Amino acid sequence: MSVNAVSGSTTNTSATGTLDKMAFLRLFTTQLKNQDPLNPMDSAQFTAQLAQFSAVEQLFNINSQLTKLGDLQGALLQGMTAGLIGKTVTLTDGTTGKVNAVVMENNQVQVLLSDNRQISMNQIKKISA
């Protein structure tokens, strides 16, 4: 936490030392409160700062939604590949194997074959009963 010299309030900073969006908003409103009434902030500058804040907030929202989408996609893929257990698969190299398990490794779904080979989904060419 750091202390704002103008308002005496504390602001939150991340591990990288950057301000979070609430701290930015507090800083912005403090700047408005303490501006010189005889020489106020230029309206174009004010509008530009508001637009920047809005854009940053939307980027945070998009990032959050993309993270959720990625998590959902991983769970869906893992659920779909669970149906492969007990099936025989033909790999792109021409070999075959029976699927014993589905595992997550390095945020990717991997298939464990009966001969203890662990393969990625993109190596599967054909699925048989």
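The values are calculated or read from the model by the stated rules, or taken from the named source; none is laboratory data. Quick caveat, the model's predicted, so the values are computed rather than measured. Neighbour counts are summed over all protein chains in view; Cβ atoms, including those assigned to glycine, are modelled from backbone coordinates with ideal geometry.
For this structure, a couple of remarks:
- Failed item, numbered, when residue 53 is tested on (1) surrounded by 13 or more Cβ atoms within 10 Å (Cβ to Cβ); (2) not in a helix (DSSP H, G or I): (2)
- Residue check, residue 91 assigned by TED's automatic domain parsing to the domain that holds residue 122, touching a helix residue (DSSP H, G or I) at 6+ places or on another chain (Cβ under 9 Å) and either surrounded by 10 or more Cβ atoms within 10 Å (Cβ to Cβ) or not hydrophobic (A, V, I, L, M, F, W, C) (or both): yes
- Matching residues, the range 63-93, being part of a helix (DSSP H, G or I) and either polar (S, T, N, Q) or touching a His at 6+ places or on another chain (Cβ under 6 Å) (or both): 63, 64, 65, 67, 73, 78, 81
- Just one of the listed residues (53, 60, 46) is under 30 Å from residue 22 (Cα atoms) and out of contact with any Lys or Arg (no Cβ under 9 Å at 6 or more places or on another chain), namely 46.
- Residue in the range 100-109 that is polar (S, T, N, Q), surrounded by fewer than 14 Cβ atoms within 10 Å (Cβ to Cβ) and on the phi < 0 side of the Ramachandran plot present: yes
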